[in-house]
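Enquirer: Take this structure first; my questions come after.
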Amino acid sequence: MYIDYSKLWKLLIDKNMTKTDLIELTGISSRVLAKLSKNEIVTTDTIARICSALNCDISDIMECVSEKNLSLYSAYKKLGVLIEENELYKTVCFAVGDRRYTVYVSRATATRATHIYCEEDGGIYWEQFSSIGHIAIIPMKSVLIKPKRNTDETVIVLIKGKPAVIVGLDENGFVSSRGVRKNSTDIYVMSEAAFKLFEIQGEGER
């Protein structure tokens, strides 16, 4: 379960108020406001100030929500915790019920000129095609990530942007957003748009 403040933002809209107005009325800091936006823990004093300023009850600005009611993308956005980051990707972890997820997110944004390759060595490679006039430039493939495989969690590699193609899915232990894992160590690879619609399909894991 987690606390969701969506009701607060809706109430502000209904009252024709901005977040800046809320800061001025309550005296809370922009840091606290950012925590509310991320559904993070705030003090009861903060909640009391908001209710007093907006002349409302606690139930008008917040509610307790079960993670099971969230889509995976919403759970990733609301519950994800940054574990690691480098120049190529960041690693975010979260849990829904008893299932744990690790999401590797590319830092670079893919375009229609980007090809993603999932290879037999367990690595995911990035290749950006470009051209100068009528001359096509074909770059060398560079490694994006070699994700860790763990039977105790679902691993997803999230490619930001809209890659032209992701090659090697449903083979070499990599699965598309619409595919089904054959083994518990198989890794999903998908664009952010595909992740927004992603649901775990029936899996014959062993």
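Conditions tested, residue by residue: (1) at pLDDT below 95; (2) buried (at least 17 other Cβ atoms within 10 Å of the Cβ); (3) not in a helix (DSSP H, G or I).
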| residue | (1), (2), (3) |
| --- | --- |
| LEU8 | no, yes, no |
| ARG31 | yes, no, no |
| GLU40 | yes, no, yes |
| THR46 | no, yes, no |
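Enquirer: Among the residues of the stretch 165-186, is any outside any loop (DSSP other than H, G, I, E, B), touching a Leu at 6+ places or on another chain (Cβ under 9 Å), of a type in the set (S, T, N, Q) and within 24 Å of ILE200 (Cα to Cα)?
Expert: Here is the first cut: in the stretch 165-186, the residues outside any loop (DSSP other than H, G, I, E, B) are 165-167, 171, 174-175.
Those still in the list that are touching a Leu at 6+ places or on another chain (Cβ under 9 Å) too: 175.
Those still in the list that are of a type in the set (S, T, N, Q) too: none.
No, every residue in the stretch 165-186 fails to be outside any loop (DSSP other than H, G, I, E, B), touching a Leu at 6+ places or on another chain (Cβ under 9 Å), of a type in the set (S, T, N, Q) and within 24 Å of ILE200 (Cα to Cα).
Enquirer: Could you tell me whether ILE132 is over 20 Å from ARG178 (Cα atoms), touching a strand residue (DSSP E or B) at 6+ places or on another chain (Cβ under 6 Å) and at pLDDT below 85?
Expert: Details: over 20 Å from ARG178 (Cα atoms): yes; touching a strand residue (DSSP E or B) at 6+ places or on another chain (Cβ under 6 Å): no; at pLDDT below 85: yes.
The answer is no for ILE132.
Enquirer: Of all residues in the stretch 3-27, which are free of Cβ contacts under 8 Å to residues at least 24 places away in the same chain and among the acidic types (Asp, Glu)?
Expert: Selection gives ASP14, ASP21, GLU24.
Enquirer: Would you confirm, using the coordinates I've provided, whether VAL96 is at pLDDT below 95, open to solvent by less than 50 Å² (accessible area, probe 1.4 Å) and among the hydrophobic types (A, V, I, L, M, F, W, C)?
Expert: Numbers: at pLDDT below 95: yes; open to solvent by less than 50 Å² (accessible area, probe 1.4 Å): yes; among the hydrophobic types (A, V, I, L, M, F, W, C): yes.
It is true that VAL96 is at pLDDT below 95, open to solvent by less than 50 Å² (accessible area, probe 1.4 Å) and among the hydrophobic types (A, V, I, L, M, F, W, C).
Enquirer: Could I ask something else about it? Identify the single condition in (1) within 19 Å of GLU199 (Cβ to Cβ); (2) at pLDDT below 90; (3) assigned to a strand (DSSP E or B) that LYS78 does not satisfy, given that it satisfies every other one.
Expert: For LYS78, the exception is condition (3).
Enquirer: Could you look through the stretch 60-82, keep only residues that are without any contact (Cβ under 8 Å) to a residue 12 or more places away in the chain and either among the hydrophobic types (A, V, I, L, M, F, W, C) or open to solvent by 60 Å² or more (accessible area, probe 1.4 Å) (or both), and pick out the one that is farthest from TYR2 (Cα to Cα)? Give the steps one after another, and end with the answer.
Expert: Residues of the stretch 60-82 that are without any contact (Cβ under 8 Å) to a residue 12 or more places away in the chain, as a first pass: 69, 74, 77, 82.
With either among the hydrophobic types (A, V, I, L, M, F, W, C) or open to solvent by 60 Å² or more (accessible area, probe 1.4 Å) (or both) added as a condition, the list becomes 69, 77, 82.
Working: ASN69: 11, LYS77: 13, LEU82: 18 Å.
Among those residues, the one meeting the criterion is LEU82.
Enquirer: So, one more: Can you tell me which residue is modelled with the highest pLDDT among those in the stretch 48-75 that are among the acidic types (Asp, Glu) and in a helix (DSSP H, G or I)?
Expert: In the first step, residues of the stretch 48-75 are kept if they are among the acidic types (Asp, Glu); the result is 57, 60, 63, 67.
Right, trim to in a helix (DSSP H, G or I) and you get 60, 67.
Values: ASP60: 96, GLU67: 65.
Of everything passing the filter in the stretch 48-75, ASP60 is modelled with the highest pLDDT.
Enquirer: Pairs needed: first member in the stretch 158-170, over 19 Å from VAL92 (Cβ atoms); second member anywhere, charged (D, E, K, R); C-beta distance under 7 Å; at least 6 residues apart or different chains.
Expert: Here the result reads LYS162/ARG112; ALA164/ARG112; GLY168/GLU119, each pair linking the stretch 158-170 to a residue that is charged (D, E, K, R).
Enquirer: Please determine, by comparing only the residues of the stretch 10-25 that are in a helix (DSSP H, G or I) and farther than 23 Å from LYS78 by Cβ, which one is least open to solvent (accessible area, probe 1.4 Å). Give the derivation first.
Expert: Residues of the stretch 10-25 in a helix (DSSP H, G or I): 10-14, 19-25.
Narrowing the set further to residues that are farther than 23 Å from LYS78 by Cβ leaves 20-21, 24-25.
Working: THR20: 83, ASP21: 51, GLU24: 138, LEU25: 102 Å².
Looking at residues that are in a helix (DSSP H, G or I) and farther than 23 Å from LYS78 by Cβ, I get ASP21.
Enquirer: Of everything in the stretch 164-206, what is open to solvent by 10 Å² or more (accessible area, probe 1.4 Å), among the aliphatic types (A, V, I, L, M) and either modelled with pLDDT under 90 or closer than 16 Å to THR102 by Cβ (or both)? Give them in sequence order.
Expert: ILE200
Enquirer: List pairs: first in the stretch 28-54 and under 17 Å from VAL81 (Cα atoms), second hydroxyl-bearing (Ser, Thr, Tyr), Cβ under 8 Å, 6+ apart or cross-chain?
Expert: Every condition considered, the pairs that remain are LEU36/TYR5; LEU36/THR46; SER37/TYR5; ASN39/TYR2; ASN39/TYR5.
The values are calculated or read from the model by the stated rules, or taken from the named source; none is laboratory data. Everything numeric in this text was worked out from a predicted model, so none of it was measured. Cβ sites come from the backbone with ideal geometry, for glycine too, and all protein chains shown count toward neighbours. Just the protein is used for accessible areas: all its heavy atoms, side chains included, with ligands, DNA and RNA removed. Shrake-Rupley method; radii C 1.70, N 1.55, O 1.52, S 1.80 Å.
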